[in-house]
Amino acid sequence: MRINWFKYAAPANFYPIAGALAPWFIALAGVLAIIGLYWGFFQTPDILTDQKQYYRIIFVHVASAWMGMWLYAMLVLWALIGIIFNTRLSYMFAAAIAPTGAMFTFLSLWTGAFWGEPSWGTWWDWDPRMTSMLILLFLYIGYMALQSAIDDPRRSDKASSVLAMVGLVMVPVIYWSVNCPNPAECAALHQSSSMEQIDPNIRNAMFIMVASFWIYSFGVIMLRIRNIILEREKQTRWVQELKECQ
């Protein structure tokens with residue numbers, strides 16, 4: 001039997017699926033977070049003696065930075081699909097992604113500052129990595145602010161999508177600042193990216209935290225998109241019937 005996947009592009013058909021999947025995603029993310037944090041904080045070696053135990057913030061810092069960039073790329077992807085195919089659910093996905101992406105980007109900046117002060121003696125330095133991540137946070141905020149500023153959802157979706165696509169240039173800029181071929185030219189406070197040189201035990205714990213944050217994002221986005229669907233479809237018959245049943 002063939003499944004018509006396109007029918008789930010309708011908000012009414014996707015709404016119950018999102019509700020069924022969200023608890024599983026969040027529960028799995030919680031289990032992975034417990035494993036990753038325990039492994040990272042108690043089962044990894046004390047090899048970075050110059051930074052004492054401060055380096056363990058890496059298990060949250062790196063994962064949140066990666067999620068901030070990945071979610072922005074996904075936001076732009078859904079916005080682009082919405083523009084090309086004029087699908088309401090695509091715009092809703094983009095709107096649901098933005099708060100979670102902004103949260104992870106802020107968490108990356110906060111943990112970076114928390115790590116930087118005891119390790120390098122400063123909370124903030126205007127190096128390319130920090131500055132580009134700060135700009136990414138402003139892009140998330142700008143997207144959400146533009147969504148809220150325009151009452152008509154169709155106009156706000158298109159306007160904010162254009163803004164998001166223009167800001168996509170920041171993702172490769174951040175990647176370049178982390179993987180700069182000539183660190184001297186980047187003038188970065190951070191050490192250069194060196195995943196291959198990290199102890200496998202540390203790297204595995206880090207990847208578990210990345211998986212936890214990634215799955216958590218699916219869960220909260222599913223919950224948020226349900227609220228967006230109810231808000232935007234509140235005049236439809238199926239939403240009215242749903243309210244009557246509750």
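Any read-out appearing in this document is the output of simple, stated calculations on the displayed coordinates, not a laboratory observation. In this text, all values refer to a predicted model and were calculated from it rather than measured experimentally. Cβ: placed from backbone, ideal geometry, glycine included. Neighbour counts: every protein chain shown.
Which order do peptides 17-25, 84-92, 147-155 fall in by mean Cβ count within 10 Å, highest first?
Packing proxy ranking, top to bottom: 84-92, 17-25, 147-155.
Tell me which residues come under 5 Å, amide H to amide H, from E233 once H is placed; ignore anything under 5 positions away on its chain.
none
Using only C-alpha positions, report the orientation-averaged shadow area of the convex hull of the stretch 64-163, nm², one decimal.
6.2
Can you run phi through the Karplus equation (6.51, -1.76, 1.60; θ = phi - 60°) for the stretch 210-223 and list ³J(HN,Hα) in whole Hz, with x for Gly and Pro?
Per-residue couplings from phi come out as 4, 4, 4, 5, 5, 5, 4, 4, 4, x, 6, 5, 4, 5 Hz.
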